[in-house]
Amino acid sequence: MKNLTILGIESSCDDTSAAVLRDNLMLSNVLANQEVHQKYGGVIPELASRAHQQNIIPVVHRALDLAKVKVKEIDVIAFTRGPGLLGSLLVGTSFSKGLALATGADLVEVNHLQGHILSHFIDEPEIRRPHPSFPFLCLLVSGGHTQIVLVKNYLEYEILGETIDDAAGEAFDKCAKRMNLPYPGGPVIDKLAKEGNPDAFHFAKPRVEGLDYSFSGLKTSFLYFLRDRIAENPLFIEDRKADLCASLQRTIIDVLMSNLVKAVKQTGIFEIAIAGGVSANSGLRKRIYEEGVTRGWKTYIPEFRFTTDNAAMIAITGYYRYLGGFRSSLDVAPVARM
Ligand code: KG4
Ligand code: ZN
């Protein structure tokens, strides 16, 4: 079979991204961040879709240029159908449909979460990475989702546990906001935590049945804790910022890890991957690695550029779905929840 040239398009939240793959080899992966949201302390959907409209064509041009690929050489257009912000998804979906119609390329819709997981299978012309073998467990931790996924093959997944309220990334972001830190809070907390003591403070850990997660209680306990301490010392946050970040981060990691350990015991699977924006967290990466060494797991920790939203992960997922026979029709519409 001839090599396939895949254009990936990602626009589910606040990153506009386009990538070109030749089969599973990444030739380019271009990303435009939207700084407009920072001053609001969170993503404003209306502003996000407008920025996608402005960014999408230049980003795709750049991805094609870097890959040295012409529009007419694209065989498959893989785009994020959901989950995400509807107005944002509409931009990538409509663009992909228009381009498919104009070029005759095949269209393949992708679930954004599958994309995060399959980012572990991206190679580059000069870089071959170790890939997890099936079946493996993936701790998928992002701004919108927290799941333990049993990955049976490229196309079959089973969710073993997931959050019943907030996602881990949301816990980072919301607690960061309470400390007057900029959005997104996860990377800022990560940085400050390096200077702090993770044992300085203790926050309530949720008790949830089975392999599910809950982070809303932790967020509330953090907020009440701050309120009480600020009443005693108005400068409490300023005085103890690093310790607060380190302790909060430690708690979130403990919660994430305890169910992952349970999932390994239940399934007997020792191939363990992490994915999603929160997998950029240095504390979590270190902890997964260390637990892996202690418990005999084979761990897969993504490169930083594949942790947060990017189109290369959408393109690789589109590639495997295309090989599996999936095609989308031109009347496909985005979905906020999948
Ligand atoms: O996967 P992602 O880019 O977007 C979604 O699909 O949600 O994840 C974004 C989330 C945000 O909540 C952000 O705070 C978090 O990932 N994040 C981090 C770090 N980098 C990004 N959380 C903790 N530590 C980090 N270093
Ligand atoms: Zn994501």
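In the stretch 238-257, the residue that is farthest from SER133 (Cα to Cα) out of those that are in contact (Cβ under 8 Å) with a residue 24 or more places away in the chain, more than 13 Å from ligand 1 (Cβ to nearest atom) and open to solvent by 20 Å² or more (accessible area, probe 1.4 Å) is ARG240. Once the stretch 38-85 is narrowed to residues that are at pLDDT below 95 and of a type in the set (Val, Ile, Thr), the residue that is least open to solvent (accessible area, probe 1.4 Å) is VAL43.
Out of the stretch 175-206, which residues are within 23 Å of PHE304 (Cβ to Cβ) and assigned to a helix (DSSP H, G or I)? Let's see the steps before the verdict.
Of the stretch 175-206, the ones within 23 Å of PHE304 (Cβ to Cβ) are 175-176, 181-196, 198.
CYS175, ALA176, GLY185, GLY186, PRO187, VAL188, ILE189, ASP190, LYS191, LEU192, ALA193, listed by residue number.
Considering the conditions (1) in a helix (DSSP H, G or I); (2) open to solvent by 10 Å² or more (accessible area, probe 1.4 Å), LEU218 is excluded by exactly one of them, (2).
Considering only the stretch 48-67, I want to know if a residue exists there that is assigned by TED's automatic domain parsing to the domain that holds ASN29, in contact with a Lys or Arg (Cβ under 9 Å, 6 or more places away or on another chain) and more than 13 Å from ALA311 (Cβ to Cβ). Scanning the stretch 48-67 turns up no residue that is assigned by TED's automatic domain parsing to the domain that holds ASN29, in contact with a Lys or Arg (Cβ under 9 Å, 6 or more places away or on another chain) and more than 13 Å from ALA311 (Cβ to Cβ).
Scanning the stretch 143-151 finds no residues that are away from ligand 2 (no atom under 15 Å from the Cβ) and modelled with pLDDT under 95. Scanning the stretch 118-142 for residues being away from ligand 2 (no atom under 16 Å from the Cβ), modelled with pLDDT of 95 or more and closer than 17 Å to LYS298 by Cα gives a total of 8. For the stretch 131-153, does any single residue satisfy the condition of being open to solvent by less than 60 Å² (accessible area, probe 1.4 Å), over 17 Å from GLY8 (Cα atoms), assigned to a strand (DSSP E or B) and among the polar types (S, T, N, Q)? Yes, because at least one residue in the stretch 131-153 is open to solvent by less than 60 Å² (accessible area, probe 1.4 Å), over 17 Å from GLY8 (Cα atoms), assigned to a strand (DSSP E or B) and among the polar types (S, T, N, Q).
Each row is one residue, and each column tells you yes or no for (1) under 20 Å from GLU170 (Cβ atoms); (2) among the hydrophobic types (A, V, I, L, M, F, W, C); (3) assigned to a helix (DSSP H, G or I); (4) within 20 Å of the chain's Cα centre (by Cα).
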| residue | (1), (2), (3), (4) |
| --- | --- |
| ASN29 | no, no, no, yes |
| HIS37 | yes, no, yes, yes |
| VAL43 | yes, yes, no, yes |
| HIS61 | no, no, yes, no |
| ASP65 | no, no, yes, no |
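For the stretch 137-144, check the following and say yes or no: at least one residue is in the same structural domain as LYS262 (by TED's automatic domain parsing) and without any contact (Cβ under 8 Å) to a residue 12 or more places away in the chain. Scanning the stretch 137-144, I find no residue that is in the same structural domain as LYS262 (by TED's automatic domain parsing) and without any contact (Cβ under 8 Å) to a residue 12 or more places away in the chain, so the answer is no. Every test in (1) at pLDDT below 95; (2) under 18 Å from ALA78 (Cα atoms) is passed by ASP23 save one, and that test is (1).
Restricting attention to the stretch 98-147, the residues that are over 27 Å from LYS70 (Cβ atoms) and more than 16 Å from ligand 1 (Cβ to nearest atom) total 9. The number of residues in the stretch 257-305 being within 16 Å of ligand 2 (Cβ to nearest atom), in a helix (DSSP H, G or I) and in contact with a Leu (Cβ under 8 Å, 6 or more places away or on another chain) comes to 3.
Only one of the numbered conditions (1) surrounded by 21 or more Cβ atoms within 10 Å (Cβ to Cβ); (2) touching a Lys or Arg at 6+ places or on another chain (Cβ under 8 Å) is violated by LEU27, and that is (1).
The values are calculated or read from the model by the stated rules, or taken from the named source; none is laboratory data. None of these values were measured; they are calculated from a predicted model. Quick reminder, even Gly has a Cβ in these numbers, built from the backbone with ideal geometry, and neighbours come from all protein chains shown. Heads up: the accessible areas ignore ligands, DNA and RNA and are worked out on the full protein's heavy atoms, side chains in. Shrake-Rupley method; radii C 1.70, N 1.55, O 1.52, S 1.80 Å.
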